[in-house]
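Structure first, then comments.
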Amino acid sequence: MATEESNKDLTLAEQEAFKRNGSRKSKRFLVSQKVKTTRLRRIHNLFWNDDTLYNSDNSNTNSNSIDKEEVTCTGKRKRNDGKQTPELTDPESHANDPSQIEMNFGGRLKLKRIHSSPHIYTIDDFFTDKELQKIKEKIIQAEKQKWFQKSFVDGQENTKRKNDEQDSLVEEGKVQRTSSFIHFSKLSDSTIASIENRAADLLSLPNHSIEPLQLVRYEQGNYFHDHHDLGVLYEDGSVELPHKSLLTPPRRIITILVYLNDLPDDDENPCGGSTIFPSLGKGVDELAIRPKENRAVMWCNIKKDGTPDERLVHRGETLYGDAVKYAMNIWACEDS
Ligand SMILES: O=C(O)CCC(=O)C(=O)O
Ligand SMILES: [Fe+2]
C-alpha cells in the first residue's frame, strides 16, 4: 500500500504518475525489498568475497583470497550481553583445493568448506557434549509428550487438510513436506541460549538475529521436497524474495542445519535422509550431505546484492527403513 510517508520525497509530477499507475511504487518497493548486505561483514567474508560468481578474475579460490579480521570484524567486538565475540582466525592454506579450506572459530569450531561458489561449510562438533546431551533429553521428552507437529506445507505455509485428503496427496508426492518439528522459545534455558549465541557469534550478528531454534524429525517415508529457506521456489527455478514487513516472518539469510544423529550409510541398502542440493551437480553427482551426529552444514541464502541465491535450493531426501532423523535448524535473519 502506498503511504503518505513513502510518497513524501516524490516530486509532484512523480506523485501524479504514482497515483495513475503505481508503477513507481512497485519499482521503489522492489528495490527497497532487497536484504541490506553492506553491514554483514562476517557473511561477506565467509560467503561472497572469493565466490567466483562475483569476480570472474578470482578463479583462484586459494584461501589467501579470504580476508580476515580487518574485513570481517576488527578485533573482538562487544556483544549486547557484554561478552566478546570470538574471532575467525586465518584459514589454513591447502594449495588450490577449495574443498580443503578450513578456518577456526573461537578456538573450538573448525569450518571446512565443502563446496565453493556457492560456499557451503561443514562444522563438526558444533554443540558441546553437554549441549548435545541436553538436546537429546529434550527430544526424548518431546517424543513422550507427542510435541512434534506435522508440518504440512504445500506451497502455502501451514495449509491444513483433512487426514484422508492429506494421505492421498502424500502418496502422490504433492505435499511439500511431511517431516515434523518443534520450536524452542528464544533464550528459554542456558543450553538454548548458548547455541543461539554460538551461531550469532559465528556470523558476527546479535542474538536477536537468530530465529527460535527448530528441531525437525523425519520417520519412515518422510521427506522435504526441493525448497529454498528464504522464499517460494517456482517451477522455473526462480525464488521469490518475500516482502519485508512487520507482519511477515523475518527473512532467513543463513541456514545452519545441525544433524543430531548418524544415519546408516549402506550402499547395498540405502536409507536416504541426506540433504541434497540439486543445482550443485547433476543426477548421481548432486551434492548430497550425509547426516552425522553433531555435524553442522552452513550456507547463505542470499547473494551479495541481497536477492535470493537460487543455487541453494535443497531437499531433505525421503527416509527409508526404521531410522528416525533429527536435526536442528538455526536460521540467522535480517534485522527487522
Ligand atoms: O532435513 C534436511 O536434510 C533438510 C531440512 C531443511 O531443509 C529444512 O528444514 O528447511
Ligand atoms: Fe531447508
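If only residues of the stretch 297-308 that are within 12 Å of ligand 1 (Cβ to nearest atom) and of a type in the set (A, V, I, L, M, F, W, C) are counted, the one that is nearest to the chain's Cα centre (by Cα) is Trp299. Just checking, does the stretch 251-260 include any residue being over 30 Å from Glu137 (Cα atoms), within 12 Å of ligand 1 (Cβ to nearest atom) and in a loop (DSSP other than H, G, I, E, B)? Checked the stretch 251-260: no residue is over 30 Å from Glu137 (Cα atoms), within 12 Å of ligand 1 (Cβ to nearest atom) and in a loop (DSSP other than H, G, I, E, B). Looking across the stretch 277-288, the residues that are open to solvent by 10 Å² or more (accessible area, probe 1.4 Å), in contact (Cβ under 8 Å) with a residue 40 or more places away in the chain and either touching a strand residue (DSSP E or B) at 6+ places or on another chain (Cβ under 7 Å) or near ligand 1 (Cβ under 10 Å from one of its atoms) (or both) come down to Pro278, Leu280, Leu287.
Using the structure shown, decide if Arg311 is open to solvent by 30 Å² or more (accessible area, probe 1.4 Å) and either within 14 Å of ligand 1 (Cβ to nearest atom) or hydroxyl-bearing (Ser, Thr, Tyr) (or both). Spelling it out, it is not the case that Arg311 is open to solvent by 30 Å² or more (accessible area, probe 1.4 Å) and either within 14 Å of ligand 1 (Cβ to nearest atom) or hydroxyl-bearing (Ser, Thr, Tyr) (or both).
Taking the condition of being modelled with pLDDT of 95 or more and assigned to a loop (DSSP other than H, G, I, E, B), how many residues in the stretch 291-336 meet it?
So the count comes out to 16.
Residues in the stretch 219-250 that are within 14 Å of ligand 1 (Cβ to nearest atom), open to solvent by 20 Å² or more (accessible area, probe 1.4 Å) and among the hydrophobic types (A, V, I, L, M, F, W, C): Phe224, Val232, Leu233.
Of all residue pairs spaced 6 or more apart or on separate chains, those with beta-carbon atoms under 6 Å, a first member in the stretch 205-232 that is farther than 24 Å from Leu287 by Cβ and a second member that is at pLDDT below 95 and assigned to a loop (DSSP other than H, G, I, E, B) are Pro206/Asn80. Exactly one residue out of Val313, Val324, Val297 is of a type in the set (Val, Ile, Thr) and more than 16 Å from ligand 2 (Cβ to nearest atom), and it is Val324.
When the stretch 270-290 is examined, which residues are found to be under 15 Å from the mean Cα position of the chain (by Cα) and either assigned to a loop (DSSP other than H, G, I, E, B) or closer than 18 Å to Ile254 by Cβ (or both)?
Let us first name the residues in the stretch 270-290 that are under 15 Å from the mean Cα position of the chain (by Cα), namely 275-277, 289.
Once the filter is applied, which keeps residues that are under 15 Å from the mean Cα position of the chain (by Cα) and either assigned to a loop (DSSP other than H, G, I, E, B) or closer than 18 Å to Ile254 by Cβ (or both), the stretch 270-290 yields Thr275, Phe277, Ile289.
The values are calculated or read from the model by the stated rules, or taken from the named source; none is laboratory data. Owing to the predicted nature of the structure, the values given are computational and were not obtained by experimental measurement. Positions of Cβ are generated from backbone atoms using ideal geometry, with glycine treated the same way; all protein chains shown enter the neighbour counts. SASA here: full protein model, heavy atoms, side chains in, ligands and nucleic acids out. Shrake-Rupley method; radii C 1.70, N 1.55, O 1.52, S 1.80 Å.
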